[in-house]
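**Q** Dropping a structure here in structure tokens format, bear with me for questions.
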Amino acid sequence: MHLPEKGLSQDEVFKHLDAFRMRDLEWGAGKAFGYVFDPGKDAVEVGKKAYMMFLSESGLDVTVYPSLLKMENDIIAFASEHLNGGAEASGNFTSGGTESIILAVKAARDYCRHTKPEIKEPEMILPVTGHAAFHKAGHYLGVKIVPVGVDSQFRADMKQVKAAVTKNTIMIVGSAPSYALGVIDPIREMATLAKSKDIWFHSDCCMGGFLLPYFKRLGEKVPDFDFSIPGVNSISMDLHKYAYTPKGASVVLYRNKNLRKFQIFACARWNGYSMINTTIQSTKTGGPLAAAWAVLNYVGDAGYLEFAKKKLDAVRRIVKGIESIPDLQLMVKPDMVLIAFGSKTVNVFHIIDEMSLRGWYIQPALAFATSKENIHLSVNLSNVAHVDQFLKDLADSTEAAKQLPSGQLASQLQGLMATPGALSPENLPNLLAMVGVSKEGMPDRMAGINEVMNMLPVEAREALLTEFASMLFR
Ligand SMILES: *Cc1c(COP(=O)(O)O)cnc(C)c1O
């Protein structure tokens, strides 16, 4: 792009922006089981209006924007109560689950530097089902990830967690629920073990923190996962997921202010303003915070309870529907609204392609650890009205997928990959070209690529993904 000599007219600007969106995933159609969290027209409008109202306010310095401080403290007070934090709990509003997680890991690391300075090579125990954001946090912050396995129902295996504790363990993580398989780890056992060994425990409730208390009120059996368990030191809870606030909204919570202190970064070693950052970003818009405050208060408690009821009902129908298709099997009975299912007889990647041709977005999950490749659904309010059509199309797609050949690309590449240097950095662009990926985009059918990714070891998957990103972005 060159900047136009003379600025474009408003009309022209928006014509361009509109055109850019042509091939984007349609978020308003109710046919996406991921990425989209749509609370319905009115609440979307309220969020947008509040976002725009605070777009130009800067979160860099809340002393000159008391409005932002007020809204953040309101949200943290609500979140603390929602998760049984009592009067002592504290926390901050962040841009998303990843930021909440990075901050919690930083707080745990720095708390440990303070309390156990003898630990030079800190370790975090993370079930294999734990979110990738913990790997990112470990990578950024110099905390080694010690992965532990899960039981047959994909919940953290306590025996392995116990065995993984070393004198360098600074943190144990559990998920409520985990993203990919949708089940809740044995948080009470894990946090109790952590407490007995004086280790920080983090409960990752990015998905479940907001919704699970409502499920409990609806009479669902929800195991304890929050501050009601004495060993839980910190919690991440996203608002831009099941609280349906516009994106850029999450909270990180701590049992008390003493723990939270290790999250805050203050700097006076320069000539400029005294810097106090509670989050990773410094200058930041007030938009997401105001939008979150607005949507939470607009939908209200009864509104969210109603949302939860609708989702619960939809999940039951989807589960029943999947169970009635002989070629499909649930990976595990879901604990909330995240459903994972696979097939012993049909290539799941073909099913995803077939669903995509029918207008649906459903997500592939590659084989990893003890889980084989499967299909992930994050069930959403906007999906509720489309469950019958979804199940009909899923049955049709499964039949259609059965007729398609499988494994051709993967077997073509299998020999090639075995040759030395096949996965060397110089060869990765060729490999991408061979599977049909180019700058212009992805092929219509993704099954071939997914099959290839599925057969690669994780290091090779990561190398290819990095190469792919490097190709996409200028
Ligand atoms: C979504 C999610 C995250 C990461 O959150 P982002 O908002 O995407 O950064 C972390 N943990 C779990 C369980 C999640 O579902």
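The values are calculated or read from the model by the stated rules, or taken from the named source; none is laboratory data. Because the structure is a prediction, the values reported are computed rather than measured. Neighbour counts run over all protein chains shown; Cβ positions are idealised from the backbone, glycine included. Please note that ligands, DNA and RNA were not included when accessible areas were found on the heavy atoms of the full protein model with its side chains. Shrake-Rupley method; radii C 1.70, N 1.55, O 1.52, S 1.80 Å.
**Q** Which whole-number percent gives the relative contact order of the chain, counting Cα pairs below 8 Å spaced six or more residues apart?
**A** Relative contact order, the chain: 18 percent.
**Q** For segment 7-111, state the average projected area of the convex hull of the C-alpha atoms over all orientations, rounded to one decimal in nm².
**A** 11.2 nm²
**Q** Between D74 and Q408, what length comes free when the chain is fully extended (0.36 nm per residue of separation minus the Cα-Cα distance, one decimal in nm)?
**A** 114.7 nm
**Q** Another question, then. Taking N as the number of residues in segment 323-474, what value does Rg over Cα atoms divided by 2.2 N^0.38 Å take?
**A** Dividing the Cα Rg of segment 323-474 by 2.2 N^0.38 Å gives 1.12.
**Q** Still on this structure: Provide the packing ranking of 169-176, 221-228, i.e. peptides ordered by the mean count of other C-beta atoms within 10 Å per residue, highest first.
**A** With the highest mean Cβ count within 10 Å placed first, the list reads 169-176, 221-228.
**Q** Hey, got the dipole for segment 68-194? About the Cα centre, +1 on K and R Cβ, -1 on D and E Cβ, debye to the nearest 20?
**A** 420 debye
**Q** For the chain, what does the helix formula give at 222 nm: sum of -39500 (n - 2.57) over DSSP H segments with n ≥ 4, over the residue count, nearest 500 deg cm²/dmol?
**A** Per the formula, -13500 deg cm²/dmol.
**Q** Past 24 Å, Cα to Cα, is the threshold; run K15/K48; K70/K216; K106/K372 against it and keep the listed order.
**A** Over 24 Å Cα-Cα: K70/K216; K106/K372.
**Q** For the chain, what is the charge dipole size about the Cα centre, in debye to the nearest 20, if Lys and Arg each add +1 at the Cβ and Asp and Glu each add -1 at the Cβ?
**A** It works out to roughly 1040 debye.
**Q** P457: net charge of surrounding residues, Cβ under 15 Å, Lys/Arg +1, Asp/Glu -1, itself excluded?
**A** Once positives and negatives cancel, what remains is -3.
**Q** Which percent of the accessible area of segment 154-214 is formed by carbon and sulfur heavy atoms (probe 1.4 angstrom)?
**A** The nonpolar share, carbon plus sulfur, comes to 54 percent.
**Q** Set Lys and Arg Cβ to +1 and Asp and Glu Cβ to -1, take the dipole of the chain about its Cα centre, and tell me which of S175, S58, L239 lies farthest positive.
**A** Positive-end residue among those listed: S175.
**Q** Mind computing the radius of gyration and Dmax over the alpha-carbon atoms of segment 57-159? Å is fine for both.
**A** Every Cα atom of segment 57-159 included, Rg and Dmax give 17.0, 53 Å.
**Q** Let me ask something else. Using just the C-alpha positions of the chain as equal point scatterers, what log10 of I(q)/I(0) does the Debye formula give at each q in 0.13 1/Å?
**A** Those come out to -1.40, one per q.
**Q** Cross-link partners among aspartates and glutamates for K261, C-alpha distance below 16 Å, same-chain residues fewer than 8 apart left out?
**A** Filter leaves E88, D110.
**Q** Counting only heavy atoms of protein chains, what accessible area per residue, in Å², does the chain have with a probe of 1.4 Å?
**A** The answer is 50 Å² per residue.
**Q** How long are the semi-axes of the ellipsoid equivalent to segment 193-241, from square roots of 5 times the Cα gyration tensor eigenvalues, in whole Å, largest first?
**A** The three semi-axes for segment 193-241 are 22, 14, 6 Å.
**Q** Within segment 280-364, how many lysine pairs that are 8 or more places apart, or on different chains, have C-alpha atoms less than 28 Å apart?
**A** 10
**Q** Still on this structure: Rounded to the nearest 5, what % of DSSP beta bridges with both residues in the chain are antiparallel?
**A** Here the antiparallel bridges make up roughly 60 percent for the chain.
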